[in-house]
Structures are given as C-alpha cells and as structure tokens.
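Undergrad: Questions regarding the structure given below will be posed in turn.
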Amino acid sequence: MDGAFVVEQASEDPGRFEIGAELLVNGEPAHVTVSRRVGGGRRAIKLDRPVGRGAELTVARAELAPLPADTYYVADLVGLEVLDEQGQLIGVVRDIHPGPANDALELDTGLLLPLVEECIREVDLERRRVFLNPGFTG
C-alpha cells in the first residue's frame, strides 16, 4: 500500500487532484503526490504528508471558479436562515444533500427542502437568508 486513499464526494474539477495541486487538510496545506482513477471512476490520491481517516479536504475560497447566476457553493448555503412566506424563521441550513433530480437543504430542525425554484423563492447571501415559496414549511 502506498498511502493513497479514495476521496469521497470529490470535486468535479479534474485539476483539483492533479499531481502538485494544493489542498487544505483540516485547514492546513498539503500537496498531491499521487493521483489515479480507481474502481467506479473514483479518485485516489496521496498527499505529501499523512492524513487521518475522515479528514476534510478543501480548497481556498480564492481558488474556486466563479459560478453562474442562481448557483451556489454548499459552503455559501450552510448556516443561512430559512424563512417561510410570512418571514417566520423555520430553521437554519445544516447541510446540502445531493440527489438524482435535485439537491435538498437539510435544516437544523431535520426538515428537508428541495433546492428547486418551486420551493426556494430567493437566496440572499448578503443577508444570509433563504426565502421559501408558500407550501413548503411542512
């Protein structure tokens, strides 16, 4: 075994795991020294230093590509307050779950909301709020 590991929920950016690419491991820089495809098209990498199982791999915000309108990085949505059509707080975004048809917002209350226009009226990153359309407060 050469110390390589499979990256779960890997970035779709093919350059993210090229040899020499910098990743942050729990906030500290590390560089890719081995990169290969393994079963199921998954990516296996080895870094220039040991990494504990379950460590979070991220990239610096400045390295992220700009997004088209009405698209967001997960990190932009986690922590946003979610308000119903009357402006009442129904929860805070805890996580985003990818799905086959659409992603879903998981709130701290356990409520899952589809990340689609029929449900989400507006995402206001400046005010850190998500506004819902009528009928989606469970």
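Undergrad: Check the stretch 74-83 and report whether any residue there is open to solvent by less than 70 Å² (accessible area, probe 1.4 Å), touching a residue at least 12 places away in the same chain (Cβ under 8 Å), within 21 Å of Asn133 (Cβ to Cβ) and touching a Ser or Thr at 6+ places or on another chain (Cβ under 8 Å).
TA: no
Undergrad: On the basis of being open to solvent by 70 Å² or more (accessible area, probe 1.4 Å), at positive phi and more than 17 Å from the chain's Cα centre (by Cα), does Gly91 make the cut?
TA: No, not satisfied.
Undergrad: State which residue is most open to solvent (accessible area, probe 1.4 Å) when the search covers only the stretch 5-38 and only residues that are assigned to a loop (DSSP other than H, G, I, E, B) and among the hydrophobic types (A, V, I, L, M, F, W, C).
TA: Going through the stretch 5-38, the residues assigned to a loop (DSSP other than H, G, I, E, B) turn out to be 7-13, 18-21, 26-27, 38.
Filter once more, keeping what is among the hydrophobic types (A, V, I, L, M, F, W, C): 7, 10, 19, 21, 38.
Details: Val7: 18, Ala10: 42, Ile19: 122, Ala21: 20, Val38: 47 Å².
Here the residue is Ile19.
Undergrad: Give the residue, chosen from Arg42, Arg121, Arg49, Arg128, that is touching a residue at least 12 places away in the same chain (Cβ under 8 Å), under 17 Å from the mean Cα position of the chain (by Cα) and either closer than 22 Å to Val7 by Cβ or open to solvent by 40 Å² or more (accessible area, probe 1.4 Å) (or both).
TA: Checking each option against the conditions leaves just Arg128.
Undergrad: Inside the stretch 52-62, can you point out the residues that are open to solvent by 90 Å² or more (accessible area, probe 1.4 Å) and either in contact with a strand residue (DSSP E or B) (Cβ under 8 Å, 6 or more places away or on another chain) or basic (Lys, Arg) (or both)?
TA: Arg53, Glu56, Arg61
The values are calculated or read from the model by the stated rules, or taken from the named source; none is laboratory data. Here the structure is a predicted model, which means the values were calculated and not measured. Here Cβ is always computed from backbone atoms with ideal geometry, including for glycine, and neighbour counts include all displayed protein chains. The accessibility values were calculated without ligands, DNA or RNA, using every heavy atom of the protein model including side chains. Shrake-Rupley method; radii C 1.70, N 1.55, O 1.52, S 1.80 Å.
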